[in-house]
Amino acid sequence: NCSYFKHFTPGETSEIFEVTTQKEYSISAAAIAIFSVGFAIIGTICVLLSFGKKRDYLLKPASMFYTFAG
């Protein structure tokens, strides 16, 4: 009886190869992705506003939003 390859033996259950997804991780990953996209959009708006009327003071917040998005 080969004890290493338990998934080949039909009578025994193996806990090594069970794949379970945890909803907490997927929900938090989706929330982080949404916040990241939101920060990137806000940074893009700041950059576009700074180029429109030569508002250079908006470039620092834009860089911080891009950093948060990363």
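Inspect all residues belonging to the range 23-35 and state whether any of them is surrounded by 12 or more Cβ atoms within 10 Å (Cβ to Cβ) and modelled with pLDDT of 85 or more. Yes - at least one qualifying residue is present in the range 23-35. Applying the condition of being of a type in the set (Ser, Thr, Tyr) and open to solvent by less than 90 Å² (accessible area, probe 1.4 Å) to the range 36-63 and asking which residue is farthest from the chain's Cα centre (by Cα) yields Ser50.
The values are calculated or read from the model by the stated rules, or taken from the named source; none is laboratory data. From a predicted model like this one, the values you see are computed outputs, not experimental measurements. Please note: Cβ atoms are built from the backbone with ideal geometry, for glycine as well, and neighbour counts cover all protein chains shown. Side chains are part of the model used for accessible areas, which takes the heavy atoms of the whole protein and leaves out ligands, DNA and RNA. Shrake-Rupley method; radii C 1.70, N 1.55, O 1.52, S 1.80 Å.
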